[in-house]
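Worksheet: the structure to be examined is printed underneath.
The values are calculated or read from the model by the stated rules, or taken from the named source; none is laboratory data. Keep in mind the model is a prediction, meaning the values are calculated, not measured. All Cβ positions, even for glycine, are placed from backbone atoms using ideal geometry, and neighbour counts span all protein chains on display. Side chains are part of the model used for accessible areas, which takes the heavy atoms of the whole protein and leaves out ligands, DNA and RNA. Shrake-Rupley method; radii C 1.70, N 1.55, O 1.52, S 1.80 Å.
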Amino acid sequence: MKIILASGSPRRRQLFAQVGIPCEVVVSGADETISGAPDYQVRELALRKACAVQRLVGPDDVIIAADTLVYIDGMVLGKPESPDDAFAMLKSLSGRCHTVYTGVAVLRGEKEILFADTTLVYFRELSDEEIWGYIATGEPFDKAGAYGVQDKGALLVDHVEGDYFTVVGLPVAKVAAALREMGYDPWRRG
């Protein structure tokens with residue numbers, strides 16, 4: 001049995017390495033066009049990614065896929081398309097609380113575990129200079145909501161209520177529980 005991470009996210013790969021779970025990466029290329037409630041969106045997109053990869057791997061392999069989004073004021077904030085877009089997103093988060101949703105799909109054969117986790121993130125009040133300084137790092141452009149809490153974006157955050165790893169993009173403790181249900185022991189060596 002192999003663990004297959006259906007994600008091109010370097011942060012998700014780093015989280016697997018951090019907890020000592022070896023995995024292979026297979027990027028899904030699944031269609032990510034979707035609408036609906038945020039928890040539905042992240043679960044459905046995670047499932048699409050996992051199903052797309054399941055066709056490419058062995059029948060006994062465990063596929064894990066995830067999707068993360070930022071939600072505030074009834075709007076989903078995806079990845080910014082330009083510096084001005086990143087600025088608008090970060091300005092809307094400044095001094096406020098928003099919700100980060102991460103959906104996870106874990107598949108093995110016919111068995112499927114699907115869930116969404118949420119975490120509240122509170123931003124400090126940010127000056128325009130701070131926002132532009134952060135944008136200049138280049139970090140915002142491959143991240144939902146235009147920030148990464150695990151990098152320099154940590155300087156924007158006052159505090160988090162919930163699972164920090166959900167904000168990074170993979171609630172690792174819940175993923176480990178799903179892996180156990182699929183017959184994989186995350187504590188095993190080698």
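Helical content of the chain, expressed as a calculated mean residue ellipticity at 222 nm, amounts to -9500 deg cm²/dmol (DSSP H runs of 4 or more residues, -39,500 (n - 2.57) each, divided by residue number, nearest 500).
Set the Cα radius of gyration of the chain against 2.2 N^0.38 Å, with N its number of residues, and you get 1.04. Accessible surface ranking for V25, V172, V106, 1.4 angstrom probe, highest first: V25, V172, V106.
Against the chain, whose longest principal axis is taken from its Cα atoms, helix 83-93 shows a tilt of about 90°. With respect to the chain, whose longest principal axis is taken over its alpha-carbon atoms, helix 172-181 is tilted by about 20°. Shown for segment 40-190: lysine pairs separated by 8 or more places, or found on different chains, whose C-alpha atoms are under 21 Å apart, numbering 11. Take segment 1-150 with all the other protein chains still there, run a 1.4 Å probe, and you get 45 Å² of accessible area per residue. Under the simplified labelling scheme, the E130-I34 pair shows an inter-label distance of 3.2 nm, with each label point 7 Å from Cα along Cα→Cβ. Axis angle, to the nearest 10 degrees, between helix 38-54 and the longest C-alpha principal axis of the chain: 40 degrees. Measuring how big segment 115-190 is from its alpha-carbon positions, Rg and Dmax come out at 16.0, 50 Å.
Heavy atoms only, probe 1.4 Å: what % of the accessible area of the chain goes to carbon and sulfur, would you let me know? Don't jump to the answer; show the numbers that get you there.
Values: 4640 of 9000 Å².
That fraction is 52 percent.
Entry note: segment 1-111 has Rg to Rh equal to 1.03, where both radii use alpha-carbon atoms and Rh is the Kirkwood radius.
Put a dot 7 Å past the Cα of H159, heading toward its Cβ, do the same for D185, and the two dots end up 3.9 nm apart.
Return the inverse of the average 1/r over all pairs of distinct C-alpha atoms in segment 52-137, which is the Kirkwood hydrodynamic radius, in Å to one decimal.
Values: mean 1/r = 0.0654 Å⁻¹.
After inverting the pairwise mean of 1/r, the radius is 15.3 Å.
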